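One structure is given here, and the rest of the page talks about it.
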There are 2 protein chains.
Amino acid sequence: MTIEIIPVEGIPIVQPGDNLPAFIADCLSIEENDILCVATSAYSKSKGYLRNLAEIIPSKRADEIAEKCGEDPRFIQAVLDEADDIIIDYPFILCSLPHGHVGVRAGIDHSNVEDGRIIVLPPKPMEAAAEIREEITKITGKNIRVILTDTCGRSFRRGQTGVAIGWSGMPAIQDYRGDTDLFGHVLEITEEAVVDEIAGMANFVMGESNRGVPAVICRNAPAWEGHDTLYFTAEEDITRKAMKKNNY
Amino acid sequence: MTIEIIPVEGIPIVQPGDNLPAFIADCLSIEENDILCVATSAYSKSKGYLRNLAEIIPSKRADEIAEKCGEDPRFIQAVLDEADDIIIDYPFILCSLPHGHVGVRAGIDHSNVEDGRIIVLPPKPMEAAAEIREEITKITGKNIRVILTDTCGRSFRRGQTGVAIGWSGMPAIQDYRGDTDLFGHVLEITEEAVVDEIAGMANFVMGESNRGVPAVICRNAPAWEGHDTLYFTAEEDITRKAMKKNNY
């Protein structure tokens with residue numbers, strides 16, 4: 001079956017207090033089982049997860065890191081406030097967040113917000129995705145699936161891609177363990193991070209600049225079975241361990 | 001505009017010597033500007049990029065690594081034959097390949113091939129993508145874009161996703177450098193790895209097991225401008241440098 005990737009066009013610039021799911025439902029007809037992908041920055045802005053740089057007083061540690069990586073110390077303080085672990089602080093600051101995501105600058109965003117303000121990730125992205133899902137059901141009567149997307153760099157490959165930082169109504173990972181291939185062999189590739197694959201495609205349609213498309217529908221995607229353990233623990237993650245040991 | 005993600009269904013199990021583009025063109029009507037995503041394993045099989053484990057004589061180094069990471073020494077020898085650098089060899093073997101891709105086990109695949117044979121990545125995946133593109137144009141008269149996809153793990157997040165290892169007819173990365181956001185600020189996120197985002201979505205539709213869908217069409221995707229420098233050099237890549245220093 002053909003899957004459709006549909007930009008939700010016509011959403012006004014979101015302000016704190018806005019009901020983003022209502023904006024989305026106003027712009028297009030949502031169907032049962034749609035996967036609604038929402039840019040975290042727009043969601044965070046609607047919920048007021050913003051900070052004014054002018055109101056942040058950097059700690060000594062923030063000052064030190066800011067000097068190393070050439071950032072505004074108030075911005076680095078905001079990163080430290082969000083992070084539960086700093087993996088490296090040079091040549092850029094890479095952190096883990098309490099919900100498991102690992103991102104440069106704790107995923108804090110300068111773009112698409114008025115001067116002097118920054119957008120932080122929602123503190124509980126799984127609950128945020130569930131809340132968007134419920135709100136859409138309340139408005140439209142449809143049962144849907146939701147992915148909150150963010151844009152993120154990666155190892156080995158240049159450029160950012162969209163990833164999922166929250167999801168609701170489906171497992172993050174399709175679990176093939178025990179399945180067989182066309183010749184009956186048990187598969188080696190066993191866990192597919194489907195929410196990230198869909199978030200990436202949605203991110204392409206959203207764009208990064210002034211296109212103003214903070215939501216994308218993925219329609220006709222089949223259901224899959226699996227689990228929600230999308231993040232390695234610090235102990236499991238060999239990249240993280242290697243980077244921590246090598247923090248310059 | 002709605003983008004369509006269309007599985008190419010009905011392709012027979014590919015054998016060495018088969019004309020995979022012709023199989024694809026037989027199964028659905030290709031349109032101008034389609035992005036045809038092809039699973040590398042199917043392409044490699046059609047070209048005979050296969051090895052028989054029984055014919056491989058492992059070196060001393062292959063024996064040593066195989067013991068550390070619990071693999072067949074002949075398989076490890078095949079990995080060493082493909083790799084141009086071993087980044088780590090425990091708890092799994094992670095290599096870079098001459099064309100720039102970094103992958104576990106050099107991207108060699110046991111799945112969907114008859115017993116005792118393994119599938120290696122095409123040695124020149126950019127040329128492979130260009131060749132598929134030309135062959136489709138020859139058969140259908142349509143000018144298309146092509147992505148060769150592979151399935152790959154990543155840092156920080158569990159599970160594999162589809163990535164591009166070859167492409168033709170479009171730049172790998174959409175370059176936003178100098179663009180502005182909705183408020184006129186110069187963007188921070190500046191390079192989007194679009195070929196990987198599309199490869200991921202295609203990979204979801206292909207599936208990993210016995211679905212037998214080695215090709216997917218992405219239709220109506222807009223064009224983008226950018227460049228092809230998808231891989232970090234070893235010197236630029238801080239993950240790679242940290243891992244190499246920490247190889248156990």
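Where residues in segment A:87-102 are assigned to a strand (DSSP E or B), in contact (Cβ under 8 Å) with a residue 60 or more places away in the chain and not polar (S, T, N, Q), which of them is farthest from A:Glu71 (Cα to Cα)?
A:Val102
From the list A:Ala54, A:Ala62, exactly one residue is over 30 Å from A:Asn19 (Cα atoms) and not in a loop (DSSP other than H, G, I, E, B). Which is it?
Values: A:Ala54 fails: over 30 Å from A:Asn19 (Cα atoms).
Selected residue: A:Ala62, the only one of A:Ala54, A:Ala62 that is over 30 Å from A:Asn19 (Cα atoms) and not in a loop (DSSP other than H, G, I, E, B).
Would you confirm whether or not segment A:121-132 contains a residue that is in the same structural domain as A:Pro222 (by TED's automatic domain parsing), of a type in the set (D, E, K, R) and within 25 Å of B:Gly200 (Cβ to Cβ)?
The answer is no, given that none of the residues of segment A:121-132 is in the same structural domain as A:Pro222 (by TED's automatic domain parsing), of a type in the set (D, E, K, R) and within 25 Å of B:Gly200 (Cβ to Cβ).
Any idea how many residues of segment A:1-10 are assigned to a loop (DSSP other than H, G, I, E, B), more than 21 Å from the chain's Cα centre (by Cα) and under 17 Å from A:Leu36 (Cβ atoms)?
Step one: of segment A:1-10, the residues assigned to a loop (DSSP other than H, G, I, E, B) are A:1-2, A:8-10.
Those left that are additionally more than 21 Å from the chain's Cα centre (by Cα): A:1-2, A:10.
In the following step, the residues that additionally are under 17 Å from A:Leu36 (Cβ atoms) were identified as A:10.
The qualifying residues number 1.
Could you tell me which residue of segment B:114-141 is farthest from B:Ser168 (Cα to Cα), considering only residues that are at pLDDT 95 or above and acidic (Asp, Glu)?
Across segment B:114-141, the extreme among qualifying residues is B:Glu135.
Residues to consider are B:Ala66, B:Ala62, B:Ala39, B:Ala106; find the one that is crowded, with 20+ Cβ neighbours inside 10 Å, out of contact with any Cys (no Cβ under 8 Å at 6 or more places or on another chain) and within 30 Å of A:Phe204 (Cβ to Cβ). Break it down stepwise before answering.
Numbers: B:Ala66 fails: within 30 Å of A:Phe204 (Cβ to Cβ); B:Ala62 fails: within 30 Å of A:Phe204 (Cβ to Cβ); B:Ala106 fails: out of contact with any Cys (no Cβ under 8 Å at 6 or more places or on another chain).
None of the others qualify; the one that does is B:Ala39.
Based on this model, can you work out whether A:Ile13 counts as assigned to a strand (DSSP E or B) and within 11 Å of another protein chain (Cβ to nearest Cβ)? Walk me through it before giving the result.
On the way: assigned to a strand (DSSP E or B): no; within 11 Å of another protein chain (Cβ to nearest Cβ): yes.
Criteria not met by A:Ile13.
In contact with a Lys or Arg (Cβ under 7 Å, 6 or more places away or on another chain), more than 23 Å from A:Asn246 (Cβ to Cβ), surrounded by 14 or more Cβ atoms within 10 Å (Cβ to Cβ) and not assigned by TED's automatic domain parsing to the domain that holds A:Met206 - does that describe any residue in segment A:82-98?
Looking for residues that are in contact with a Lys or Arg (Cβ under 7 Å, 6 or more places away or on another chain), more than 23 Å from A:Asn246 (Cβ to Cβ), surrounded by 14 or more Cβ atoms within 10 Å (Cβ to Cβ) and not assigned by TED's automatic domain parsing to the domain that holds A:Met206, one finds none in segment A:82-98, hence no.
Which condition does B:Gly70 not pass, out of (1) touching a strand residue (DSSP E or B) at 6+ places or on another chain (Cβ under 9 Å); (2) on the phi > 0 side of the Ramachandran plot; (3) of a type outside the set (Asp, Glu), if it passes all the others?
(1)
What number of residues in segment B:138-158 are farther than 15 Å from B:Ala199 by Cα and of a type outside the set (Val, Ile, Thr)?
Our first condition is that a residue be farther than 15 Å from B:Ala199 by Cα; within segment B:138-158, this holds for B:138-144, B:155-158.
If we keep only those that are of a type outside the set (Val, Ile, Thr) too, we end up with B:138, B:141-143, B:155-158.
Selection size over segment B:138-158: 8.
What is the residue count in segment A:182-202 for residues that are more than 20 Å from the chain's Cα centre (by Cα) and modelled with pLDDT of 95 or more? Give the steps one after another, and end with the answer.
If we filter segment A:182-202 for residues that are more than 20 Å from the chain's Cα centre (by Cα), which is where we start, we get A:182-190.
With the extra rule that they be modelled with pLDDT of 95 or more, the set shrinks to none.
Number of matching residues: 0.
Does segment A:4-24 hold any residues that are closer than 13 Å to A:Ile217 by Cβ and touching a Pro at 6+ places or on another chain (Cβ under 8 Å), and which are they?
Selection gives A:Val8, A:Ile11.
Can you say whether A:Ile5 is at pLDDT below 95 and within 11 Å of chain B (Cβ to nearest Cβ), as far as the supplied structure shows? Spell out the reasoning first.
Details: at pLDDT below 95: no; within 11 Å of chain B (Cβ to nearest Cβ): yes.
In short, no.
Cβ contacts < 7 Å: first residue free of Cβ contacts under 8 Å to residues at least 12 places away in the same chain and of a type in the set (S, T, N, Q), restricted to segment A:10-38; second residue surrounded by fewer than 17 Cβ atoms within 10 Å (Cβ to Cβ) and not in a loop (DSSP other than H, G, I, E, B), any location; separation 6+ or different chain. Result?
Taking only residues 6 or more apart or on different chains, not a single pair turns up.
The values are calculated or read from the model by the stated rules, or taken from the named source; none is laboratory data. Computed from a predicted model, the values in this text were never measured in an experiment. When we count neighbours, we look across all protein chains shown, and the Cβ atoms used for this are built from the backbone with ideal geometry, even at glycine.
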